[in-house]
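The values are calculated or read from the model by the stated rules, or taken from the named source; none is laboratory data. Being a predicted model, the structure only gives us computed values, none of them experimental. Positions of Cβ are generated from backbone atoms using ideal geometry, with glycine treated the same way; all protein chains shown enter the neighbour counts. In case anyone asks, the SASA skips ligands and DNA or RNA and just uses the protein heavy atoms, side chains included. Shrake-Rupley method; radii C 1.70, N 1.55, O 1.52, S 1.80 Å.
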Amino acid sequence: MPSINAISGWSMAAAAAASAVVAGFDTPNPPAPIPQEDIMGEPKPVEIPADVMAKLSGIAPEKVALIREGRTGRYVEKDALFDRIRTMPAAELIAYIDAIAALHAQVEYKEGRDAKTIPLDTRSAWFNAWKAKRPLVMDPKRDAGPMDLGRYIGGRRGGFATFAGAPVAMTPEDLKAGKVDVAIVGAPLDMGSGWRNAIDGPRALRMTGGAGGNDMYAMINPSSALEIVDYGDIAIDQNSTERSVAHVREMVREIAQTGAIPIVIGGDHSLEYPNVAAAADVHGKGNVSVVHFDSHYDVGRNGVHWITHGSPVYRVLHEGHVRPQDYIQVGLRARGPDLETFGWMRNKGMRYHTMVEVEKWGWDKVMDRAIAEARQKAKKLWISFDVDVLDPAFMPGTGTPVPGGLTMREAQPIMRRLCAENDIAGIDIVEVAPYLDTSYKTALNSNYLLNACLTGIAMRKKGLPPRYWNPVSSEHGQDDYYGPKKKS
């Protein structure tokens, strides 16, 4: 049986491309050129049958070369093209090949004809106003620390809606003074996806319950066990993903540098790139691994835009923030990757766990393996959770739903365990698009996943084992409720 390398045509030389490290905190924009071995979908030469070549004798050599180089395969499959060439009259054939050549000339970039960049008006007096922070001297004087915005003593139902009903912090000084464990921040980035409304994800989670309160599995209320704050929303330039992700990286880094764990509520999955890059800025390249929950693989490289919600993983790897072997994908089941892409990911050293694998082996075995992979070399773990990894029955409000995903019954214990078992660098929960959901289940279930994360972090802080279940909840509080306990 041929290896996947043989099928895909890629060699282990591809692994070398991810070794480049970008010094400092600055991200090149555009990034460094993509290595040749990382360019997927490049045409491969084809052998033109003799009878087809005979029919092409009157066609210009440069147009025949397009066929021989495999470039026409972008527009018509080669066997279908050969059949048409065999059957077309000469005049019709010339017009057909001319049309393909003209189409090819339009598709690719041409110097002098096509704009390389989207120009900005640098004369604008408001060029950076969207992300300029108001000086603290403009605010009323106050002591540093989180501020409780609840109006009533009996709870936080009144006042202003916040993530998990938490107090608000505005500055790194607030985070330090409050000895904050977790800072939840919104990032309503919407431009990285062709499917709009992720901009409303943070707003929906703030307005919907489920993130705060007691977790019955562990009998822990993370709001009591942890110092949690709502760190507001990160400024986004909704006309430019490129400008936005740079500022997101600054803000996530700002949180992490205080010792608090950043939890970023998106927004689309373009955010994974600045989030993980910020974690590597603080904890060091090579010290952060990523468990990426998604129905899609998000390692796109050949798109027109440098960063979209389909390419954050590649950009993180290409810039050297995380080693390929420390990137673990879970839940893949969309129409891609194909054999070529699977081969590329394997040759890079990435780890992936598809829903096919889950169906064959079960979640416990798959997650045991994924966690072991994440902890092989890196000290810290970033969890990137695209809500479309769940089945649309539980997450209808997302831009690119794919049937056959996780249930909430599976997802909550997985997230609780991940956060209890690992030293968390940060978490993002992305692609919540509430206006695509006629119910409120997308925001509600996302908040329950957030609560599972917070509970796991609290369990780790308390020193509880990752799979701890409180006996009051699980065994009626009696040692022999299900018979004598087995010796472990």
Exercise. With the dipole of segment 78-132 worked out from charges on the C-beta (+1 for Lys and Arg, -1 for Asp and Glu) around the Cα centre, which of Ile94, Gln106, Ala80 lies farthest toward the positive end?
Worked result: Gln106
Exercise. What's the extension gain from Trp126 to His305 if we count 0.36 nm per residue and subtract their Cα-Cα distance?
Worked result: 61.9 nm
For this session: Could you please state how large a percent of the accessible area of the chain is carbon and sulfur, counting protein chains only and using a 1.4 Å probe?
Result: 56
Exercise. Rounded to the nearest whole Å³, what is the per residue volume of the convex hull around the Cα atoms of segment 169-220?
Worked result: 134
Exercise. When DSSP assigns beta bridges and you keep just the ones with both residues in the chain, what percent turn out antiparallel, to the nearest 5?
Worked result: 5
Exercise. By per-residue mean of other Cβ atoms within 10 Å, what is the highest-first order of 340-349, 91-100, 457-466, 314-323?
Worked result: 314-323, 340-349, 457-466, 91-100
Seminar exercise, completed: Scaled by the rule-of-thumb 2.2 N^0.38 Å, the alpha carbon Rg for segment 376-470 gives a ratio of 1.13
Exercise. What pairs from Lys78/Lys116; Lys78/Lys360; Lys133/Lys461; Lys179/Lys462; Lys441/Lys462; Lys360/Lys461 go past 25 Å between their alpha carbons?
Worked result: Lys78/Lys116; Lys78/Lys360; Lys133/Lys461; Lys441/Lys462; Lys360/Lys461
For this session: Starting from the eigenvalues of the Cα gyration tensor, five times each then square-rooted, give me the equivalent ellipsoid semi-axes of segment 326-408, largest first, whole Å.
Result: 22, 16, 13
Problem set entry | Equivalent ellipsoid dimensions for segment 394-446 as semi-axes, Å, which come from the Cα gyration tensor, largest first | 23, 13, 10
Exercise. Counting Lys and Arg as +1 and Asp and Glu as -1, each charge on the Cβ, what is the dipole of the chain about the Cα centre in debye, to the nearest 20?
Worked result: 920
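From the P(r) of the chain, can you give the percent of Cα pairs sitting at distances over 45 Å?
More than 45 Å apart: 21 percent of the Cα pairs in the chain.
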For this session: Could you pull the accessible area for Thr117 with a 1.4 Å probe, rounded to 10 Å²?
Result: 100
For this session: With everything on Cα atoms, drop me the angle between helix 78-87 and the longest principal axis of the chain, reported from 0 to 90° to the nearest 10.
Result: 30
Seminar exercise, completed: From DSSP H assignment alone, runs of 4+ in the chain each adding -39500 (n - 2.57), the sum over residues rounded to the nearest 500 puts [θ] at 222 nm at -10000 deg cm²/dmol
Exercise. What order, most packed first, do the peptides 267-274, 221-228 have when packing is the mean number of other Cβ atoms within 10 Å of each residue?
Worked result: 267-274, 221-228
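Any idea what the alpha-carbon Rg over 2.2 N^0.38 Å comes to for segment 86-131? Please list the in-between numbers first.
Working: Rg = 21.6 Å, N = 46, 2.2 N^0.38 = 9.4 Å.
My calculation over the Cα atoms of segment 86-131 gives 2.29.
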For this session: Just add up the charged neighbours of Met191: K/R +1, D/E -1, any other residue whose Cβ is under 11 Å from the Cβ of Met191.
Result: -2
For this session: Percent of Cα-Cα pairs per 10 Å bin, from 0 to the last occupied bin, for segment 273-318, please list those.
Result: 26, 52, 21, 1
Seminar exercise, completed: Of the residues Leu406, Ile427, Leu464, the Cα lying farthest along the dipole of segment 347-488 towards its positive end, which is defined by charges on the beta carbon of Lys, Arg, Asp and Glu, belongs to Leu464
For this session: Let me know the Kirkwood hydrodynamic radius for segment 415-488, please, with Cα pairs as the basis and the value in Å to one decimal.
Result: 14.7
For this session: Report the Stokes-Einstein translational diffusion coefficient (µm² s⁻¹, integer) for segment 227-356, Rh taken as the Kirkwood radius over Cα pairs, at 4 °C with viscosity 1.567 mPa s.
Result: 84
For this session: Quick one: give the max-minus-min coordinate of the C-alpha atoms of segment 332-380 along each principal axis, largest first, in Å.
Result: 31, 25, 13
Seminar exercise, completed: Placing one equal point scatterer on each C-alpha of segment 88-233 and summing with Debye, one gets log10 I(q)/I(0) at q = 0.16 Å⁻¹ equal to -1.05
Seminar exercise, completed: When the charge dipole of segment 189-335 is computed with +1 at the Cβ of Lys and Arg and -1 at the Cβ of Asp and Glu, the Cα pointing farthest to the positive end, of Ile265, Gly213, Gly303, is that of Gly303
